[in-house]
Every structure is written in structure tokens, then in C-alpha cells.
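None of the figures in this text is laboratory data; all of them are computed from the coordinates on show. No experiment lies behind these values; they were computed from the predicted model shown. Backbone-built Cβ (ideal geometry, glycine too); neighbour counts: all protein chains shown.
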């Protein structure tokens, strides 16, 4: 047997060809995996229906004065503007919380007031199927038994969706939506209500304060917006709607008035009042004063709760100064004085 000499070049070429074949097969495998994954995601996602829930209820708020022993009927219109859904109608008591109109809804209905539905095809707490753009009316009967204590009772008429497990074999979203209408009920035998409020807070938020001759002065930056807070506390037995204005007066006789929005202040609660200027403002203040303020200014709040109710009054004041400009000037003056002193010392030396 004759041994052929080992050809290194031929061996390297064979290895290179084999490596190329392996790399090509590996690329084909990766490509097939991507195709399978894409097809799986496409088929899977096409079976998922994210349910869109859009509900409306009208009227959004109801305020009533009722005598004990009387009954009332209120019609609530519910409309489904989203996908078909199942919902139930509930009534819960709620109580006010905080100074911004928040409320806490109780898990159960606890009240001497009695509720029922006059509809023949629906009941409280029972599921109701609503098609897209479907509209139903819930006829809520309110009964105030004899002997019901006088005072305010607060409720929320709620429509709450119940997610369906499956529709047509496809998965559905587990989204849950709740929409409510507040029912503010005042029970009174004589028809009279007790309105009693006080100014719990009326202040600006200054940049800094300083005492002088036994008095504290509030200073704000001239070009900045100035937050004003006005909080009214309800000390009576019934809800009240404050009205009035906040007035800004300058040292040169200028005057700007900011009318207050009419907002409900429920019993045993306080609320930060908004003005017509900042009623829809996301900032948690009554007003954000805009302008360039120079010198002393006074702010006054005049609040009442309708004809024959007491007038509430509060005031505060501030001084507008260009704090940044003054600070910069002081720094420049100090640096200039130091430079001058340094030069004089060098000349003497």
C-alpha cells in the first residue's frame, strides 16, 4: 500500500466547505424558528379580544329635599357605548373625605332609606346584558320611612360591569368598570336646612416670610405664579353651596375679582374652593395668580351660602419683589466691593 503525502491545503478546503454547510443549515433552522414564532403570535393574538368598556349614566348627580313618610321615583338612563357587556345596578352609601371633593364608598348599603326598582325586567345586584349602543332606564324608587332622623344621607347609584369568561371560544379581557351618579338626600320635616360654615384656611404660598415690628410679612417672586388656597368647613347638618369671590387689590388702586364656583360641601367635611378661572386646573389650589407683582397687595375672600345666610370674610396680604434680580444685584455689588478693596490693598503694598 502506497501512502499519499498529506495535502494541508486540500484538508483546509474540505473543512471550510463543511463549516459553510453547517452554518447554512443553522441559519435555515433559525429562520424556521422565527417563522413559527411569528405565526404562533399572530394566531394567538387574533383570538384575544380586548374588551372596550364605555358606559354613561344620566343624571350624573341628584339633590333632593324629602319629608319623612314620602316616596320618590328617579329615572336613571344607562348607555353602553362600548362592546357588549354584562352589568349590575347597585346603590351604596358614601362619605366625604379630604378637602378636594373625594369620597369613600361603603361596601354595603347601610341606611334607613329604602330603595327598590320599579322595572319589571331588572333588579338590584342582578346581571343585565347590554349590547353595543344599548340604552336602558333604571327606575329607582326611594322611600323615606316615618321617623327617619333629619339630616343628610349620601348615596351613589352605580352600574358595575361583570367580565364574561368567554365569548365565541375566544378569550376576553378581565377589565372591570364602574360608573356612578351621586344622590344627595336631605330629610327635613319643616323644609328648613341648617347652613353653618367657616373659613378653615385662606392663605398664599409665599417664597419666604420675615417678621418686622411684631408683624409677619409674606414675600413672593414678582414673576412667579402665586398659589392661593381657600378652604371652607361645613359645620351644619346639611350640605351647602358657597358663592362669592376672591378679590385682589394693589397699592395703586387696581382690583381683580375671581368669582367662586358653586361646589357642594357635604356635612362634616371641608372643601378647597375653586374659582371660575382655575375650575378645571390640575393644580390643587383655589387660584394661581399670574402677573408681575411689585409692592404690597391684599387678598380678601367673601363667601355666603345664599339669601339670608351669614357672610364669611377673610383676608391676607403679600409683597411682590423681584427676588432673583435683587439677589443677583447684591452678589454683583459684593463681588465689586471685594475687587475694589483688593485693588486698594495692592496699591498700598
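Go ahead and collect, in residue order, the members of the stretch 199-231 whose backbone nitrogen is under 15 Å from a label point 7 Å along the Cα-Cβ direction of residue 294.
Taking a point 7 Å out along Cα→Cβ of residue 294, the residues of the stretch 199-231 whose backbone N falls under 15 Å are 221-224.
Convex hull volume of the Cα atoms in the stretch 78-215, per residue, in Å³?
Convex hull of Cα atoms, per residue: 208 Å³.
Quick one: Cα centre-to-centre distance for the stretch 203-223 and the stretch 57-91, in angstrom?
Distance between centres, Cα-based: 50 Å.
Would you mind putting 230-237, 54-61 in packing order, based on average other-beta-carbon counts within 10 Å, highest first?
Packing proxy ranking, top to bottom: 230-237, 54-61.
Rounded to the nearest 0.05, what FRET efficiency is calculated for residue 139 and residue 217 with R0 set to 51 Å and r the Cβ-Cβ distance?
That pair, residue 139 with residue 217, gives E of 0.25.
Treat each spin label as a single point 7 Å out from the Cα along the C-beta direction, and report the residue 321 to residue 196 distance in nm.
It works out to 4.4 nm between the two label points.
Could you calculate the contour length gain from residue 52 to residue 123, that is, 0.36 nm times the residue separation minus the distance between their Cα atoms, to one decimal place in nm?
Length difference between fully extended and current span is 23.1 nm.
Under 8 Å for C-alpha pairs, at least 6 residues apart: give me the relative contact order for the stretch 55-187, rounded to a whole percent.
Relative contact order comes out at 38 percent.
Do you know the relative contact order of the stretch 206-341, to the nearest whole percent, from alpha carbon pairs under 8 angstrom that are 6+ apart?
Worked out over the stretch 206-341, it gives 28 percent.
Quick one: which of 102-108, 194-200, 68-74 comes out on top by average Cβ neighbours within 10 Å, and what's the full order, highest first?
194-200, 68-74, 102-108
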